[in-house]
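Everything below concerns the one structure shown next.
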Amino acid sequence: TVVRFFHEQGYSLQVPRPWPDRQDDKLRKAFIDRLQHLHADQTVELWYGDETGVDGDPKPKRRWAPKGSKPTVVRNGDHVRMSITGIVWPRTGEFFGIEIPYSDTEVFQIFLDEAAKHIVPQRRRNVLIVDNATWHKRKTLEWHMFEPFYLPPYSPDLNPIERIWLVMKAKWF
């Protein structure tokens with residue numbers, strides 16, 4: 001059947017993720033050029049940071065079922081959600097993260113404080129690449145050993161930690 005053919009070719013039935021249509025190609029190119037420059041500098045370590053939310057009771061959006069049947073999923077009405085803030089150093093795979101109740105400037109500062117306690121910098125400059133969330137841009141933040149560098153708007157594909165979140169959610173949640 002067609003379905004078997006697709007499975008044999010390595011495809012599976014999936015719900016597509018929404019993709020932003022407001023990306024600025026000039027900003028993305030400038031970011032990539034600056035990133036390559038930083039990557040070539042032997043005194044710089046690039047870290048990537050982000051937050052993600054995890055649902056403890058995700059509702060499956062689609063599933064295979066016999067024709068005419070109405071598949072069900074057990075749902076007791078409770079909703080469990082947690083958030084995780086993390087940073088990753090792709091050169092070594094080092095990861096630091098904490099579970100948080102929500103994201104705001106105060107919670108992000110706590111995260112930065114904890115990261116500074118647990119991470120031993122290997123180089124003089126540690127650049128932390130984060131998105132444009134309002135809590136990442138507060139002037140009151142104490143970045144400790146990190147120097148913030150912001151992703152272009154609507155560009156999660158340029159942040160490797162997004163892939164970690166996808167794998168984590170697929171395997172454990």
Students often get this wrong, so check it: of 29/137; 67/169; 139/171, which have C-alpha atoms separated by over 32 Å?
139/171
Calculate, in nm to one decimal, what residue 154 and residue 168 gain on full extension: separation in residues at 0.36 nm each, minus their alpha carbon distance.
2.8 nm
Rounded to the nearest 0.05, what FRET efficiency do residue 40 and residue 134 give with R0 = 30 Å and r taken as the Cβ-Cβ distance? Could you check?
0.45
Rolling a 1.4 Å sphere over the protein heavy atoms, what is the accessible area per residue of the stretch 39-150, to the nearest Å²?
64
Taking the stretch 78-147, which GluC sites (Glu not before Pro) meet the DSSP loop condition and have no more than 16 other C-beta atoms within 10 Å?
142
Given labels modelled 7 Å from the Cα in the Cβ direction, how far is it in nm from residue 22 to residue 141?
2.0
Give the carbon-plus-sulfur fraction of the accessible surface of the chain in %, rounded to a whole number; probe 1.4 Å, heavy atoms of protein chains only.
55
Which percent of Cα-Cα pairs in the chain sits in each 5 Å bin, short to long?
1, 6, 13, 16, 16, 14, 10, 8, 6, 4, 2, 1, 0
Residue 92 to residue 122: extension gain in nm, 0.36 nm per residue of separation minus the Cα-Cα distance?
9.7 nm
Surface accessible to a 1.4 Å probe, residue 2 within the full protein complex, Å²:
100
Evaluate the distance, in nm, between pseudo-label points positioned 7 Å from the Cα of residue 70 and of residue 7 along their respective Cα→Cβ axes.
2.7
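The values are calculated or read from the model by the stated rules, or taken from the named source; none is laboratory data. Because the structure is a prediction, the values reported are computed rather than measured. Backbone-built Cβ (ideal geometry, glycine too); neighbour counts: all protein chains shown. Note: accessible area is taken over every heavy atom of the protein model, side chains too, but ligands, DNA and RNA are not part of it. Shrake-Rupley method; radii C 1.70, N 1.55, O 1.52, S 1.80 Å.
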